[in-house]
1. Which of the following residues is closer than 19 Å to Val115 by Cα, assigned by TED's automatic domain parsing to the domain that holds Gln111 and in contact with a Cys (Cβ under 9 Å, 6 or more places away or on another chain): Phe16, Phe84?
2. Within segment 14-28, is even one residue out of contact with any Lys or Arg (no Cβ under 8 Å at 6 or more places or on another chain) and closer than 18 Å to Val135 by Cβ?
3. Tell me the residue from Ser173, Ser184, Ser139, Ser144 that is without any contact (Cβ under 8 Å) to a residue 12 or more places away in the chain, surrounded by 13 or more Cβ atoms within 10 Å (Cβ to Cβ) and not β-branched (Val, Ile, Thr), please.
4. Could you say whether any residue in segment 81-90 is farther than 30 Å from Leu165 by Cβ, within 20 Å of the chain's Cα centre (by Cα) and surrounded by 15 or more Cβ atoms within 10 Å (Cβ to Cβ)?
5. Have a look at Asp122, Asp154, Asp178 and point out the one that is of a type in the set (Asp, Glu) and loosely packed, with under 13 Cβ neighbours inside 10 Å.
6. Based on this model, can you work out whether Glu201 counts as within 16 Å of the chain's Cα centre (by Cα) and either charged (D, E, K, R) or at pLDDT 95 or above (or both)?
7. Does Leu161 satisfy being more than 21 Å from Gln239 (Cα to Cα) and either more than 16 Å from the chain's Cα centre (by Cα) or touching a residue at least 60 places away in the same chain (Cβ under 8 Å) (or both)?
8. Of these, Glu174, Glu137, which one is of a type in the set (Asp, Glu) and assigned by TED's automatic domain parsing to the domain that holds Glu201?
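The values are calculated or read from the model by the stated rules, or taken from the named source; none is laboratory data. All of these numbers come straight from a predicted model, not from anything done at the bench. Heads up, the Cβs are rebuilt from the backbone with ideal geometry, glycines too, and the neighbour counts pull from every protein chain shown.
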Amino acid sequence: MVAASSENEVGVGSIFVNPLQFGPNEDLEKYPRNEAADLDVAESAGIAAMFCPDPAEMVHGLSTKVTVSGVSDQYEGQLRPGHFDGVATIVARLFGIVLPTRAYFGLKDLQQCAVVRTMVRDLCLPVDIRLLETVRELSGLALSSRNAYFSPEDREAAAQLPMVLKNVAGAISEEGGDIAESISTGMAELATLGFSVDYLELVDPLTMVPTRKIGEDSRLIVAARFKGVRLIDNIAIYQK
């Protein structure tokens, strides 16, 4: 929000828990919400206006669904069927209502960023997509509404996820580092620490295709459950 307010004449934010991106057995009803606190953060960041639509207004009677194939097929798209259709449909609707010049997304949801960028490109939408690095707690844990599910002790322990991610990235970045072996070692370490790993992979962030070569923008992505809370994260990798 700070970037949106500082880089534009008028910054507009939105608060919307999108029901279309939640599966039937996911946590839509108990998903942490604190609109008052979010509005305070937006005001402090210099946001001029906030769009906080009622879910019924956004989804009732919709006949159109936006599906972005390819980039949405693996990882989150495979594990959460329909998730990215819900994301793309509502983001396209928000763009149509607000008509932004630029839109800002956090890189923590890397695959979501790829889906939105592909949608904007394919539909020739006049929106400049700006991607910002993940904001983290002091422990290194990526900021997420779902962190509120943790007890203080578990929240601190969950910070081992980005630590392992960083270690794996460092091993891969070393000249001659074995990418597959480094990933396998990282998955084993996470399992030992009590994480149930959905995936740990090196990908091209534009296509979300897994790779065994370090490219200019390669990122290491992870999704894992810890103490019943599902976490996602990623980190850039550079050849040393």
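1. Only one candidate qualifies: Phe16.
2. Yes, there is a match, as at least one residue in segment 14-28 is out of contact with any Lys or Arg (no Cβ under 8 Å at 6 or more places or on another chain) and closer than 18 Å to Val135 by Cβ.
3. It is Ser184.
4. Yes, some residue in segment 81-90 is farther than 30 Å from Leu165 by Cβ, within 20 Å of the chain's Cα centre (by Cα) and surrounded by 15 or more Cβ atoms within 10 Å (Cβ to Cβ).
5. Asp122
6. Criteria met by Glu201.
7. In short, yes.
8. Just one listed residue meets the conditions, Glu174.
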